[in-house]
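Undergrad: Shown below is the structure under consideration.
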There are 2 protein chains.
Amino acid sequence: MNLKKIYSTSLSLLTDLYQITMAYGYWKQGMAEQEAVFHLYFRKNPFQGGYTVAAGLEYAVDYLQQLQFTEEDLAYLAGLKDGRNAPLFEQGFLDYLRELRFTCDVDAIPEGTVVFPNEPLIRVRGPLLQAQLVETPLLTIVNFQTLIATKASRIAESAKGDQVIEFGMRRAQGIDGALAATRAAYVGGVDATSNVLAGQLFDIPVRGTHAHSWVQAFESEKAAFQAYGDAFPHDSVFLVDTYNTLDGVRHAIEVARSLQPSGFKLNGIRLDSGDLTYLSIEARKLLDEAGLMETNIVASNDLNEHIISSLKQEGARINVWGIGTQLVTAYDQPALGGVYKLAALQHTDGHWRYNIKLSEQLEKTSNPGIQQVRRFYDAQGYIADMIFNELEPLPEQTLVMHPLDSTHRKAIPAGTAYTDLLVPVLRKGALVYELPDLQAIRKHRTTELSKLHESIRRLLNPHRYPAGLEASFHQLKTNLVLEIREKGEAAVQGR
Amino acid sequence: MNLKKIYSTSLSLLTDLYQITMAYGYWKQGMAEQEAVFHLYFRKNPFQGGYTVAAGLEYAVDYLQQLQFTEEDLAYLAGLKDGRNAPLFEQGFLDYLRELRFTCDVDAIPEGTVVFPNEPLIRVRGPLLQAQLVETPLLTIVNFQTLIATKASRIAESAKGDQVIEFGMRRAQGIDGALAATRAAYVGGVDATSNVLAGQLFDIPVRGTHAHSWVQAFESEKAAFQAYGDAFPHDSVFLVDTYNTLDGVRHAIEVARSLQPSGFKLNGIRLDSGDLTYLSIEARKLLDEAGLMETNIVASNDLNEHIISSLKQEGARINVWGIGTQLVTAYDQPALGGVYKLAALQHTDGHWRYNIKLSEQLEKTSNPGIQQVRRFYDAQGYIADMIFNELEPLPEQTLVMHPLDSTHRKAIPAGTAYTDLLVPVLRKGALVYELPDLQAIRKHRTTELSKLHESIRRLLNPHRYPAGLEASFHQLKTNLVLEIREKGEAAVQGR
């Protein structure tokens, strides 16, 4: 994909003003090029779930690589005035921005990987000014796509192998709210979309049925089905609930029969209202009696993973699910709440200084250092994740501590297989990672989920996957927090 | 504004596949040019509120005017295959699409107008194929912007004249989820945004403070404030809660004093955590004691209209509000649920046939005809809205019926002043409406709200504004529903 193909405007101003005012401040202080490390992470799995599916990296990389202030951008910034109507920025700073290219190192967890709270999805290391500037768009892109991929994964899991089609564009939050949602939903496990532009841009299969207005536009429901069947002899899904659902099913069957001699095959019927369990069971009977055993029953109408589960439990005979609003807006939790925090700054003497953001709430206190996530596994699947600090040596004994409750700890036997999740993506701004295509990302997500115990994949009250801090890293963080609490800010400063 | 300035891709494929399959079906049936009327409306005020603020029309008009299938679009459609791997569409249809331009008449309620359930925000009249094709993007654009403008209006109302700044980009649903949200929030009454690209594209004032990372990057909080103050002598808002909020306020005051000789004036301090009521009261005292009576107290941290109201009630001394996630995602209700329904189709003999979509739930049964909304008012403000059908003469006595409860009715005395809300926007696809700029739209919203009784503007349990169907129109609809229920679909067909 290529954001330039979608957006004609430069996206360099796609950020909060304070990123640019801070950039100006760093530039004025001569701190612009100071080496810094930031991590992007979230604090809680969304939807009260047990896992999260990383998504959005390709979009993010694309944004970073095309970061460049155009003359139009600079003219806009030059026109901004301060409280006394003087220019907000000096010309020298705008000249600096004109030459600016993104030259940071970026490490990230590949899309489709299952991830857990506090794990850095993206790590940015490089000049402070640049690493700070990209905070907002990285968050916008990754927060949203990760949220939707996770929602889609939950929905796909609840459908237990049935086909799931995303058709939420009309309720999406804006144009890219639709495009990015469709992409992320596909990453997360839906099989197709109604969004034609997303189909074109991202090579996602597109599917469609017809609307009630199609039926209303004809003299009778049968005439409407007949006309649609004529147009789509091998791809017709008739929407049967415009007047009376079961009559609609009967009309669909009659039309399917009358068109059969010409090679017509009824692909499906769609239910969009009423008691979906009862109606799907009755529809299945009617279709089967008519010999239409292969005709699918598609359902839509404000569905989500919980409704799908409950319909399945009740014995509904639906085998294709159309999901709109609840998926593309992540209706029950429309924001992931990911953050991007400074974790280390290099001093002129080459030493790193740790940075943490304190908070009254321990879960909101950020982690310092240059972080990596190590995932331990065996033949059965994933065992535990350990966030550690690359600036310090790892102790021989591997112990993972719950980030909020140090009495929860897990010892990892020596020799346990592992993989480090953050992989090099950009080096000095240049792409060093082969971005996988969406098919590969989808396959990766499926493999990932198969390695999580089903108790962790459970929709409600899932088991907590052990993901925590390496013990010596946990100790380092604890010491830092205690020191700051005890001695005040002087403790963190000037290390 | 100009969507082409934002998007480099053609937006003609920004629709559900079924719009294009139905278009194909209509084209094959020779029904493509049959005159049709659709209305876009919603069924319930969002956020359990008493009113809704229309928004998104300019975006929508821009989309309609640039509707044109490019060769790339057509090549994509030509490549779509049916279930047997044959092309989904005939070449003749693609040739038809190549020549297609939007030639419908569009009437709409201007942006910033207060609107109520069932009132058509947009009415599209023209060739069936075209009017159907644009359903999805019209809904995407208008649903979202109307939702956010309404949320922003509620937030602005709760702030009672204080400045409100939108800074939700990092949690927005995608790139346009941020851009369109900022635009709509500005329509709805926020005063400025942190979103620089939206500032540039839509000419919205931009504002910013600094992040915690700014403070962390310096040797001490005071050094951080000093450096920021040096860079922005007239626009500094210091974020004071990185270590300890009230110490932070003291540091801000010390820095303000030390910089004063050089002409520095502390614009504000920002609180981003903790007990905002207590902290703002204490901070105000400290600032006032230091003679910084004009220094603003800005607050942020997951605020919404209810929290603002409650902080105000508790006596918080905040006078600038920064609102993010809750505003740009409309967190408590992230979709408006607007729909777009066929209401009338013209027959070859020139007669119109009414269309309604039946439902088990009366509130989901659509209204037929060619609709207009008449708003009655007097010197005190708005009295009632009446949806009526332009295809039938109005009776002499004006009676407005509650759409769901016919025992609720309101007689409007003859001679009452009124205005018809839907105004001509496009005629045969050409713009006949002067699109107001955002300033004018904002002013219009303010005037509109001033004409609504405050009981209707109440955040919780508002009074219901009388908006209903003109009595003879209500009767016509009732007769249609009864006829269909009694005689089945035959009743509606062939009128």
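The values are calculated or read from the model by the stated rules, or taken from the named source; none is laboratory data. These figures come from a predicted structure and were not determined experimentally. Here Cβ is always computed from backbone atoms with ideal geometry, including for glycine, and neighbour counts include all displayed protein chains. Heads up: the accessible areas ignore ligands, DNA and RNA and are worked out on the full protein's heavy atoms, side chains in. Shrake-Rupley method; radii C 1.70, N 1.55, O 1.52, S 1.80 Å.
Undergrad: Modelling each spin label as a point 7 Å along the Cα-to-Cβ direction, I'd like the residue B:72/residue B:2 distance in nm, to one decimal.
TA: 1.8
Undergrad: Here's a follow-up. Counting only Cα atoms, I'd like the Rg/Rh figure for the range A:341-495, Kirkwood definition for Rh.
TA: On the way: Rg = 18.0 Å, Rh = 17.9 Å.
My calculation of the ratio gives 1.01.
Undergrad: Follow-up. Size of the range A:1-145 along its principal axes in angstrom, Cα-based, largest extent first?
TA: 52, 33, 28
Undergrad: Could I ask something else about it? Kirkwood Rh and Cα-based Rg: tell me the resulting Rg over Rh for chain B, rounded to two decimals. Write out the running numbers ahead of the final one.
TA: Values: Rg = 26.5 Å, Rh = 25.2 Å.
Radius of gyration relative to Kirkwood radius: 1.05.
Undergrad: If amide H atoms are built 1.01 Å from N in the plane of the peptide, which residues on other chains or at least 5 residues away come under 5 Å of the amide H of residue B:330?
TA: Residues meeting the criterion, in which the H sits 1.01 Å from N, do not exist here.
Undergrad: A further question on this structure: Local charge sum around residue B:333 (other residues, Cβ-Cβ under 15 Å, Lys/Arg +1, Asp/Glu -1)?
TA: On the way: positive: A:171, B:43, B:44, B:151, B:154; negative: A:302, A:332, B:305, B:332.
With Lys, Arg at +1 and Asp, Glu at -1, the neighbours total +1.
Undergrad: Given points 7 Å out from each Cα along the Cα-Cβ axis, report the residue A:302 to residue B:332 separation in nanometres with one decimal.
TA: About 1.8 nm separates the two model spin labels.
Undergrad: Can you report the principal axis dimensions of the range B:262-321 using only the alpha carbons, biggest first, rounded to whole angstrom?
TA: Reported extents, whole Å, longest axis first: 41, 18, 16.
Undergrad: Could you work out how far apart the two model spin labels at residue B:377 and residue B:43 are, taking each label as a point 7 Å from the Cα in the direction of the beta carbon, and quote it in nm?
TA: Label at residue B:377, label at residue B:43, 3.0 nm between them.
Undergrad: Over the protein assembly as shown, with the other protein chains present, what is the accessible area per residue in square angstrom, probe 1.4 angstrom?
TA: On the way: 35330 Å² over 990 residues.
Heavy-atom SASA per residue in the protein assembly as shown reads 36 Å².
Undergrad: Next question, about the same structure. Only bridges whose two residues both fall in chain A count here: according to DSSP, what percent of them are antiparallel, nearest 5?
TA: Details: 45 of 65 bridges.
DSSP beta bridges in chain A are roughly 70 percent antiparallel.
Undergrad: Which Rg and Dmax, in Å, describe the Cα atoms of the range A:271-356?
TA: 24.5, 82
Undergrad: If you don't mind, there's one more thing I want to ask. When each copy gets a label point 7 Å from Cα toward the beta-carbon at residue B:351, what are the spacings between them in nm, shortest first?
TA: Spelled out, the distances from residue B:351's label point are 9.3 nm.
Undergrad: List nothing, just return the count: lysine pairs in the range B:154-328, 8 or more apart or interchain, with Cα separation under 24 Å. Working shown, then result.
TA: On the way: B:160/B:285; B:160/B:312; B:222/B:265; B:222/B:285; B:265/B:285; B:285/B:312.
Number of lysine pairs found: 6.
Undergrad: Kindly write out, for the range A:314-320 in residue order, the coupling ³J(HN,Hα) from the Karplus curve 6.51 cos²θ - 1.76 cosθ + 1.60 (θ = phi - 60°), rounded to whole Hz, with x marking Gly and Pro.
TA: 7, x, 4, 9, 7, 10, 9
Undergrad: Quick one: of the DSSP bridges fully inside the protein assembly as shown, what percent are antiparallel, nearest 5? Each step should come with its number before you reach the end.
TA: On the way: 93 of 133 bridges.
In the protein assembly as shown, DSSP labels about 70 percent of beta bridges as antiparallel.
Undergrad: For residue A:286, go 7 angstrom from Cα along the Cα-to-Cβ vector, then report the distances to that same point in the other copies in nm, smallest first.
TA: Copy-to-copy label distances for residue A:286: 7.1 nm.
Undergrad: Also: Label position 7 Å from Cα toward Cβ: report the copy-to-copy distances for residue B:399 in nm, one decimal, ordered from shortest.
TA: 8.2
Undergrad: Here's another thing I want to ask about it. As an exercise, find the ratio Rg/Rh for the range B:154-328 from alpha-carbon atoms, using the Kirkwood inverse-distance average for Rh. List each step's numbers first, then the result.
TA: Numbers: Rg = 15.9 Å, Rh = 16.4 Å.
Ratio of gyration radius to Kirkwood radius for the range B:154-328: 0.97.
Undergrad: Please find the FRET efficiency linking residue A:446 to residue A:397, where r is the Cβ-Cβ separation and R0 is fixed at 25 Å, and quote it to the nearest 0.05.
TA: Using R0 = 25 Å, I get an efficiency of 0.15.
Undergrad: Follow-up question, since we're still on this one. Going through the cross-link list A:428/A:477; A:364/A:487; A:44/A:151; A:151/B:5, which pairs have a Cα-Cα distance over 23 Å in this structure? Let's see the in-between values first.
TA: Values: A:428/A:477 29 Å; A:364/A:487 20 Å; A:44/A:151 14 Å; A:151/B:5 32 Å.
Correct reply: A:428/A:477; A:151/B:5.
Undergrad: Name the trypsin sites (Lys or Arg not before Pro) in the range B:1-65 that are in a loop by DSSP and that have at most 16 other C-beta atoms within 10 Å, would you? Provide the component values of the computation, followed by the final result.
TA: Working: sites: B:4, B:5, B:28, B:43, B:44; in loops: B:43, B:44.
The qualifying sites are B:43, B:44.
Undergrad: If I compute solvent accessible area with a 1.4 Å probe over the protein chains, what percent of it on the range B:142-218 is carbon and sulfur? Write out the running numbers ahead of the final one.
TA: Details: 500 of 1190 Å².
In the range B:142-218, the share of accessible area belonging to carbon and sulfur is 42 percent.
Undergrad: Next up: Taking Rh as the Kirkwood radius computed over C-alpha pairs, what is the Stokes-Einstein D of the protein assembly as shown at 4 °C in a medium of viscosity 1.567 mPa s, expressed in µm² per second? Please list the in-between numbers first.
TA: Working: Rh = 29.9 Å.
Roughly 43 µm²/s, to the nearest whole number.
Undergrad: Distance from a point 7 Å along Cα→Cβ of residue B:487 to each backbone N in the range B:330-357: keep the residues under 15 Å and list them by number.
TA: Only B:353-356 pass the distance filter.
Undergrad: Within the range B:203-218, what residues put their amide N at less than 18 Å from the label point 7 Å along the Cα-to-Cβ vector of residue B:234?
TA: Answer for this model: B:205-209.
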